[in-house]
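Below: one structure, written as structure tokens.
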Amino acid sequence: MRYPGLIGPMPRELLGEPLRFIAADHDRQRSLCVLLDSIADTEVVQTNAVADAVTYMGHDMQTHIIDEEEDLFPLLRRRARPNDEIDEVLGRLAADHATDARLAEVIMRGLQALQVHPKPVISASLRENLRAFAEGQRQHLALENAVILPMARLRLTAPDLASLAARMAARRGLALEQRVVHA
Ligand SMILES: [Fe+2]
Ligand SMILES: [Fe+2]
């Protein structure tokens, strides 16, 4: 799926390197945050920005969260050593996912309503929710990039990475083109 605006296309060429793919997805989520802030900050509704945000939040972002919840986090839990103290961070990130999912649902309803309204106007509460979601996402991404990805690079084995890559590719209905899997 292409996102012609601010959010780049899915980096499918990185599927053989699952941790790089996840890092690239985080960059796309940062672009989403810029997009959501810009929607919140402007008076006139930017139809293309709204469409891009709805498409991304309704699809690739959800797939990314499943990658983490079902594959990356369990692998990390299994491979972490006791003094890595990763459990607390993983607990916080999972709690973020749950909170974000509730706010994302409210935002999606608000944005979709704008898409079908002949003269869309963004409410104060939608603006507030957009900014809050973007801010929460930035903190979440910072923690994942600073702690989770470096730890995964350190601890996951080659077979772990191969299985992560295969599952992420299957989740997207794609064949894994590269046989060699890198961190
Ligand atoms: Fe993430
Ligand atoms: Fe996450």
Kindly express, to the nearest 10 degrees and within the range 0 to 90, the angle between helix 158-171's C-alpha long axis and the longest C-alpha principal axis of the chain.
-> 30
Residues of the chain: accessible area per residue at 1.4 Å, in Å²?
-> 52
Multiply the residue gap between Glu105 and Ala146 by 0.36 nm, knock off their C-alpha separation, and tell me the result in nm, one decimal place.
-> 12.0 nm
Determine ³J(HN,Hα), in whole Hz, for all residues of the range 31-47 in sequence, where each value follows from phi through the Karplus function 6.51 cos²θ - 1.76 cosθ + 1.60 and θ = phi - 60°; x replaces Gly and Pro.
-> 5, 4, 4, 4, 4, 5, 4, 5, 5, 5, 8, 9, 6, 8, 5, 8, 4
Which distance in nm do the two modelled labels at Arg138 and Glu13 give, with both placed 7 Å along the Cα-to-Cβ direction?
-> 3.0
Between Ile66 and Asn48, the two model label points (7 Å from Cα along the beta-carbon direction) sit apart by a distance in nm of 3.0
Round to the nearest 0.05 the FRET efficiency obtained for Arg172 and Asp27 when R0 = 25 Å and r is the Cβ-Cβ distance.
-> 0.90
Centroid-to-centroid separation of the range 31-58 and the range 116-163 [C-alpha atoms, Å] | 15
First compute the accessible area of the range 84-183 with a 1.4 Å probe, then give the percent of it belonging to carbon and sulfur atoms.
-> 56
Kirkwood hydrodynamic radius over Cα pairs of the range 1-107, then Stokes diffusion coefficient at 10 °C and 1.306 mPa s, in µm²/s = 104
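The values are calculated or read from the model by the stated rules, or taken from the named source; none is laboratory data. Please read all numbers here as calculations on a predicted model, not as lab measurements. Because the Cβ atoms are built from the backbone with ideal geometry, glycine has one as well, and the counts that use them run over all protein chains shown. Just the protein is used for accessible areas: all its heavy atoms, side chains included, with ligands, DNA and RNA removed. Shrake-Rupley method; radii C 1.70, N 1.55, O 1.52, S 1.80 Å.
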